[in-house]
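Here, each number is a calculation from the coordinates, and none is a lab measurement. What you see is a predicted model, and the numbers here were worked out from it, not measured in a lab. Every residue, glycine among them, receives a Cβ derived from its backbone with ideal geometry; neighbour counts consider all protein chains shown.
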């Protein structure tokens with residue numbers, strides 16, 4: 001199993017540009033989530049999904065969109081990039097619910113200039 | 001909302017000693033708590049989960065305690081090694097079903113030979 005994969009690994013955007021961060025998992029996990037991590041801060045939840053077709057907002061959802069059309073994929077869309085979205089983004093999945101360990105991807109380092 | 005406090009300052013210890021990291025939380029009492037390890041440039045990796053009715057849990061050189069009265073979890077690494085150097089994150093379950101974990105800011109551990 002590849003686990004949780006994320007692409008791209010690095011990305012530089014100009015303010016106002018849009019892009020999609022890709023996340024896929026091959027473990028048949030129901031739960032998937034997106035976090036951002038900034039220096040000196042913990043992981044902050046952006047959006048999450050408890051199954052295909054179901055998504056919900058986390059702590060910092062503004063400026064991001066998600067969809068979950070399949071169990072395997074959970075892309076994160078930046079609608080109009082802003083410098084405040086410069087961060088490292090992690091996708092995670094778990095079997096079912098938060099009593100199970102979260103499997104994290106390797107992360108995407110995004111810089112918005 | 002839940003507030004989680006971990007020492008933001010790095011913990012420096014000598015090889016062979018026991019490292020003790022602290023995770024304090026406020027507001028509601030979580031039903032369980034998880035600990036993760038994160039190496040630079042990589043996603044967090046699950047280490048241990050402890051439930052509120054478990055005072056202590058062990059895994060090889062790792063030990064976690066959970067004191068719901070003090071609202072605190074301690075994470076111990078015995079016989080520490082330079083390879084244990086990393087950032088350690090604690091995470092709490094959400095206050096309601098269907099939500100996701102809340103992470104602390106992490107504590108960086110440096111084990112010197």
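Quick one: length gained pulling residue B:27 to residue B:3 fully straight, 0.36 nm per residue minus the C-alpha distance?
Working: separation 24, 0.36 × 24 = 8.64 nm, distance 0.72 nm.
Length difference between fully extended and current span is 7.9 nm.
How large is Rg/Rh for the protein assembly as shown, to two decimals, with Cα atoms and a Kirkwood Rh?
Dividing the radius of gyration by the Kirkwood radius yields 0.97.
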Open item on the list: How big is segment A:26-92 along each principal axis, measuring the range of its Cα positions in Å and listing the largest first?
Closed with: 33, 24, 18
Open item on the list: Below 8 Å between Cα atoms, with a sequence gap of 6+, how large is the relative contact order for chain A in percent?
Closed with: 36
Task: Gaussian network model of chain B, springs between alpha carbon atoms under 10 Å - residue of B:102, B:69, B:18 with greatest fluctuation - done: B:69
- [ ] Would you mind computing, in nm to one decimal, how far apart the modelled labels at residue A:109 and residue B:69 are, each placed 7 Å from Cα along Cα→Cβ?
- [x] 4.7
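Stokes-Einstein at 25 °C, 0.890 mPa s, Kirkwood radius from Cα pairs: D for segment B:1-54 in µm² s⁻¹? Let's see the in-between values first.
Values: Rh = 13.5 Å.
Rounded to a whole number, D works out at 181 µm²/s.
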Task: Cα centroid of segment A:32-103 to Cα centroid of segment B:56-108, whole Å - done: 22
- [ ] Output the relative contact order of segment A:43-103, whole-number percent, from Cα pairs under 8 angstrom with separation of 6+ residues.
- [x] 22
Task: Distance between modelled label sites at residue B:18 and residue B:83, nm, 7 Å Cα→Cβ extension - done: 2.2
TODO: Using R₀ = 45 Å, calculate the FRET efficiency as 1/(1 + (r/R₀)^6) where r is the Cβ-Cβ separation of residue B:58 and residue A:15; round to 0.05.
DONE: 0.35
- [ ] Give the order of A:13, B:101 when sorted by the count of other beta carbons within 10 angstrom, beginning with the fewest.
- [x] A:13, B:101
Task: Tail weight of P(r) past 13 Å, computed on alpha-carbon pairs of segment B:57-113, percent - done: 70
- [ ] Only Cα pairs under 8 Å and at least 6 apart count here; give the relative contact order of chain B as a rounded whole percent.
- [x] 36
Open item on the list: Let me check the size of chain A from its C-alpha atoms; what are the radius of gyration and Dmax in Å?
Closed with: 13.1, 39
TODO: Output the Kirkwood hydrodynamic radius of segment A:1-55, Cα pairs only, in Å rounded to one decimal.
DONE: 13.3
Task: residue A:27-residue A:84 pseudo-label distance in nm [points 7 Å out on the Cα-to-Cβ vector] - done: 3.3
TODO: For residue B:76 and residue B:39, compute 0.36 nm times the residue count separating them, minus their Cα-Cα distance, and round to one decimal in nm.
DONE: 11.6 nm
TODO: Take the Cα pairs of chain B, get the Kirkwood Rh, then feed it into Stokes-Einstein at 4 °C and 1.567 mPa s and tell me D in µm²/s.
DONE: 91
Open item on the list: Just want the ordering: A:15, B:78, from fewest to most Cβ atoms lying within 10 Å of their own Cβ.
Closed with: A:15, B:78
Task: Computed lengthening from residue A:69 to residue A:100, 0.36 nm per intervening residue step minus Cα-Cα distance - done: 8.9 nm
